[in-house]
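Below: the structure, in structure tokens.
Read-outs throughout are calculated quantities, based only on the coordinates presented, and are distinct from any laboratory measurement. This is a predicted model, so every value here is computed, not measured. Neighbour counts are summed over all protein chains in view; Cβ atoms, including those assigned to glycine, are modelled from backbone coordinates with ideal geometry.
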């Protein structure tokens, strides 16, 4: 799938034979997002469950937004707790990657079991689902920080593999959803409330997410036995050792002691000590110990963090909360213009997002400047409100949209989804790939984790913005 590159064949460097490390990073990328993609794609299942009497109308009519806010809030909280409270200093790689996969698998297994249970009210489903989304978000935060931190000391294409895996996870779920929906008769849209009946399709989706997490767990254990990965891990540990050695010779004892916290081997197997993955680094410094100027600190790496935050803030402020409410303006009995229109828009977004993430691997090895990425992110964000002028139809039967429809043709929302997905995948992947290259090699793992924190912060703020906008603009 990817062309041969110099980082695969350098003399004296182990080759990633059969791209095993790349494939495992791709797999771990799917594990960070596939369970959540299943949750937000299974709108029919949750719509049926949340509208089973007795239920809360406000929550049931806006369950996607409430689920998203629950997930993203704890997603952000989890990474903030790990990073800023420096739990990463006492958490091994095993804890940061393995345990989130195990606990996430258990949670998805329980969700599979819930699908088979009938006779549960919408209120009880609410009390079971929202905490599940919150826990899933917390586990995903630790896993996401661990995976991006792990990929950051590998060549940039391996971070791109993680991003591509996330995109493919969304595409796979949305494609499966629309194909399954096409195989079923059109549902009665007038039925506001009814008794829930077991849905085998929903069980299958959650089961696939459960199996994916187990495969990620197997991939993690295999990764630590791949010579290519161990070579780069040990090379990064050597950089840290040299950095600490220079710091210890510095006259400032406090500075030396702060830097000494970076000293930690990267691999836990074979009895080696634990490694510090999720910890906040000190302010960026030169390799000789000099503190960079404020202008230099704000350039490139920090601008990359702000850029990725704005990219995902713009995306999550519209998708899926607003885009899922955009209905076709074509009056036709054809299912595409009825119950298949929104699932198709999900497929368009996820397909173009995956193309953007994969295409970033061909963008060249030279990293764009931080100013370039930040400018592109701001321009993209300014274009996001264009979705509000499409045919937005609130899910609640008594509400209407207060903004006039300027883009009446169905071509516009589909085209806007395609542009949003392509730019999200391409720009987001470039940010995650190249940001660690602007810091000292010994701090690249920390930079990868900080980029993950910026990404999740943007997602969380975007979800909150969606909820606020949808409430304000409903008449």
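Annotation: the residues 24, 15, 472, sorted from fewest to most other C-beta atoms within 10 Å of their own C-beta, follow the order 472, 15, 24. Packing, taken as the mean count of other beta carbons within 10 Å per residue, orders the peptides 45-57, 64-76 from highest to lowest as 64-76, 45-57.
Listing 42, 118, 199, 447 from fewest to most neighbouring C-beta atoms within 10 Å gives 118, 199, 42, 447. Sorted fewest first by neighbouring Cβ atoms within 10 angstrom, 339, 61 come out as 339, 61. Can you bin segment 307-379 into rounded, prolate or oblate? Criterion: square roots of the alpha carbon gyration tensor eigenvalues sorted a ≥ b ≥ c, rounded for a/c under 1.5, prolate for a/b above b/c, oblate for the rest. Since a/c reaches 1.5 and a/b is larger than b/c, the shape of segment 307-379 is classed as prolate.
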